[in-house]
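Let me begin by presenting the structure, written as structure tokens, before commenting on it.
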Amino acid sequence: MKVLVLCVILLQGSQHVSAVELYEGDSVLLPCDFYTFDLDDPTVVWSREDLRPSTVHQRQHQGDELTEQNQAYRGRTSMIADALDSGDLTLNLTNLQLSDSGSYTCTVRDPRMGQRRVGDVQLQVKERFPTWAIVLLSLLVLLVLAVSGGLLFHFRHYFMSVYKVEVASGVTSAQLPCKTTAHLPVDTKVEWTDKDKWTVHVYENGSDRPEDQHEFYSNRTKMNEDLLRTGDLSLTLKYPTDEDTNTYTCTVYSKKGDILMKKQVILDVRGDQRSVL
Ligand SMILES: *[C@@H]1O[C@H](CO)[C@@H](O)[C@H](O)[C@H]1NC(C)=O
């Protein structure tokens, strides 16, 4: 076994085989050294034998000779300026593609010496983010979005802006604002309730419905005429007292009973300060 290994090394002679592993978009230096400064008119060729044309890069004394270069490598290869004088024949390959994976051969040609295969470099370019990772990540993002969206929907009332109205007791009326920019259809139902779920005012099918309202609010509420056209669903509460301090909810229902809008207004009716003193 040891003898066999030794034979292989001897057969390969001065060649040295290296392996490099990289990701898409990276740059890589493919190493190759040879005493080219001893030669009269050397040509260095980096090639991939599995490609047609096989030339990846070619350097002569006059400079780069890229007429036979494989177009897949166009603009992505370079060697140092004094490569042939220094013997450093390293190939700089930039913006790596998956298709760059393969075996690169560094060959030196000279009229006196003939052709010499100096080295092989195995290059393995990997996807930076494999498809399964992208799919998994996308699913995770979707899951997070769905969960947070559901939570937002569930707790949407906490995020609704709450309007606060303060009036002194003894004023003739308090105005609880509720406005929508939408042009509401004729069959829209608007309902005002307080925090005890008592019905304060109902407007349905184009008219007020005092029979649906809690008797506490009887004859004390009023909504604008023409409210469907103007979208102004504000409620006027006449002669408010301390007992009317409450949180009122303005809910707009579609014909099918879906909630189109829900707004809360806090009404604070201040007692007569003088009586406290
Ligand atoms: C390889 O070539 C690229 C593009 O010309 C250059 O930016 C980079 O510095 C080179 N890498 C080395 C190590 O010389």
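Among (1) at negative phi; (2) assigned by TED's automatic domain parsing to the domain that holds D40, there is one condition N95 misses while meeting the rest; what is its number? For N95, the exception is condition (1). Here Q122 fulfils each of the conditions (1) outside the structural domain of G102 (by TED's automatic domain parsing); (2) assigned to a strand (DSSP E or B) apart from (1). If you check S47 against the conditions, is it surrounded by 17 or more Cβ atoms within 10 Å (Cβ to Cβ), assigned by TED's automatic domain parsing to the domain that holds G102, of a type in the set (S, T, N, Q) and more than 14 Å from the ligand (Cβ to nearest atom)? Yes, satisfied.
Within the bounds of segment 99-114, is there any residue that is in a loop (DSSP other than H, G, I, E, B), surrounded by fewer than 16 Cβ atoms within 10 Å (Cβ to Cβ), away from the ligand (no atom under 16 Å from the Cβ) and among the basic types (K, R)? Yes, the conditions are met somewhere in segment 99-114. Restricting A182, A133 to those that are within 36 Å of the chain's Cα centre (by Cα) and closer than 30 Å to D26 by Cα reduces the list to A133.
Taking first residues from segment 177-201 that are farther than 13 Å from C250 by Cβ and partners that are basic (K, R), the Cβ contacts under 6 Å between residues at least 6 apart in sequence or on separate chains come to D187/K255.
I'd like to know if segment 72-92 contains one or more residues that are assigned to a strand (DSSP E or B), away from the ligand (no atom under 15 Å from the Cβ), hydroxyl-bearing (S, T, Y) and under 16 Å from V121 (Cβ atoms).
Within segment 72-92, not a single residue is assigned to a strand (DSSP E or B), away from the ligand (no atom under 15 Å from the Cβ), hydroxyl-bearing (S, T, Y) and under 16 Å from V121 (Cβ atoms).
Restricting attention to segment 81-99, the residues that are in contact (Cβ under 8 Å) with a residue 60 or more places away in the chain, closer than 12 Å to R59 by Cβ and out of contact with any strand residue (DSSP E or B) (no Cβ under 8 Å at 6 or more places or on another chain) total 0. Just one of the listed residues (K222, K262) is in contact with a Leu (Cβ under 9 Å, 6 or more places away or on another chain) and either of a type in the set (K, R) or assigned to a helix (DSSP H, G or I) (or both), and it is K222. Restricting D26, D33, D38 to residues that are more than 41 Å from the chain's Cα centre (by Cα) and within 16 Å of the ligand (Cβ to nearest atom) narrows the list to D33.
The values are calculated or read from the model by the stated rules, or taken from the named source; none is laboratory data. Given the structure is predicted, the values throughout are model-derived calculations rather than measurements. For neighbour counting, all protein chains shown are included, and Cβ atoms are generated from backbone atoms with ideal geometry for every residue, glycine included.
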